[in-house]
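Engineer: For reference, the structure I am asking about is given below.
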Amino acid sequence: MSDMGAAQSFRQSLVGDRQIVAFDFDGTLTIRDSFTAFLRWRAGAAGWAVGLAKMAPALAAYVGDRDRGRIKAASVREFLHGVERATLEAEAERYADQVWDRFMRPDALACWKAWGEKGAHRVIVTASPETTVAPFARRLGAEGLLGTQLVFDAQDRVTGAFAGANCRGEEKVRRLREAYGDDMMLAAAYGDTSGDTEMIAIAEEKGFRVFTSRP
């Protein structure tokens, strides 16, 4: 089973004639990577240190290959393997509540709100797992959420695998077209890293590193 539970309602939102606006999440709407911060929060200082030590081979490999998907999968296996979906969703909800006020960029939130007032269909397109971003998306009132999808076993526990590719680069565009059709047009797209380049390139309004404020 893939990571569909917490995020499924976002993908079912109807678009119709509404403009579609895509936002990266980590570093764009937020001030830092949310998934790493979540794993560290969940593990605690001691657990985080022990986990990183166990991940030493994977971290060393990352220095050479810079494969973000592989290192992310390694971190999921180390810190989340065997966690029940319901537990992970509850923890993600609690984490979002705790960090929201010091985590979200005010200028990004203002842009998000302005597009909402125009009636746009706002979709978060992120490399982070959908389950951990879903509480933020709900709080934002997002109409869509597309992210990296975790795989759960028959007992609804995290396996450590992904249902598809890491949602960055060309995968962001592929997921958008899968969700909204091959003729999908973006009125605007916002991002802050090379993983957002392809998504921004297909948008009418191209927002690269335009949000800089901190809470």
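The values are calculated or read from the model by the stated rules, or taken from the named source; none is laboratory data. None of these values were measured; they are calculated from a predicted model. As a convention, Cβ positions derive from the backbone with ideal geometry for all residues, glycine included, and neighbour counts pool all protein chains shown. For accessibility, only protein heavy atoms count, side chains too; no ligands or nucleic acids. Shrake-Rupley method; radii C 1.70, N 1.55, O 1.52, S 1.80 Å.
Engineer: Can you list residue pairs whose Cβ atoms sit under 7 Å apart, with the first residue in the stretch 102-118 being closer than 20 Å to residue 18 by Cβ and the second being open to solvent by less than 60 Å² (accessible area, probe 1.4 Å) and assigned to a helix (DSSP H, G or I)? Count only pairs 6 or more apart in sequence or on different chains.
Structural biologist: 112/140
Engineer: Restricting attention to the stretch 55-95, which residues are at pLDDT 95 or above, part of a helix (DSSP H, G or I) and over 21 Å from residue 167 (Cα atoms)?
Structural biologist: Within the stretch 55-95, 86, 87, 90, 91, 93, 94, 95 meet the criteria.
Engineer: Out of (1) among the aliphatic types (A, V, I, L, M); (2) under 17 Å from residue 167 (Cβ atoms); (3) open to solvent by 20 Å² or more (accessible area, probe 1.4 Å), what's the single condition that is false for residue 125?
Structural biologist: Status for residue 125: all satisfied but (3).
Engineer: Hey, another quick one. May I ask you to list the residues in the stretch 77-97 that are among the aliphatic types (A, V, I, L, M) and surrounded by fewer than 17 Cβ atoms within 10 Å (Cβ to Cβ)? Walk me through how you get there before you give the answer.
Structural biologist: Initially, the stretch 77-97 is screened for residues among the aliphatic types (A, V, I, L, M), giving 80, 83, 86, 88, 90, 92, 96.
Hits for the stretch 77-97 are 86, 90.
Engineer: In the stretch 132-182, what residues are more than 25 Å from residue 112 (Cα to Cα) and open to solvent by less than 10 Å² (accessible area, probe 1.4 Å)?
Structural biologist: 150, 152, 158, 160
Engineer: Every residue in the stretch 62-102 that is basic (Lys, Arg) and more than 16 Å from residue 35 (Cβ to Cβ), please.
Structural biologist: Answer for the stretch 62-102, where residues must be basic (Lys, Arg) and more than 16 Å from residue 35 (Cβ to Cβ): 66, 85, 102.
Engineer: Considering only residues that are over 21 Å from residue 150 (Cβ atoms), assigned to a strand (DSSP E or B), among the β-branched types (Val, Ile, Thr) and open to solvent by less than 10 Å² (accessible area, probe 1.4 Å), which ones fall in the stretch 17-35?
Structural biologist: Once the filter is applied, which keeps residues that are over 21 Å from residue 150 (Cβ atoms), assigned to a strand (DSSP E or B), among the β-branched types (Val, Ile, Thr) and open to solvent by less than 10 Å² (accessible area, probe 1.4 Å), the stretch 17-35 yields only 21.
Engineer: Within the stretch 183-215, count every residue that is part of a strand (DSSP E or B), in contact with a helix residue (DSSP H, G or I) (Cβ under 9 Å, 6 or more places away or on another chain) and open to solvent by 50 Å² or more (accessible area, probe 1.4 Å).
Structural biologist: Residues that pass the stated criteria total 2.
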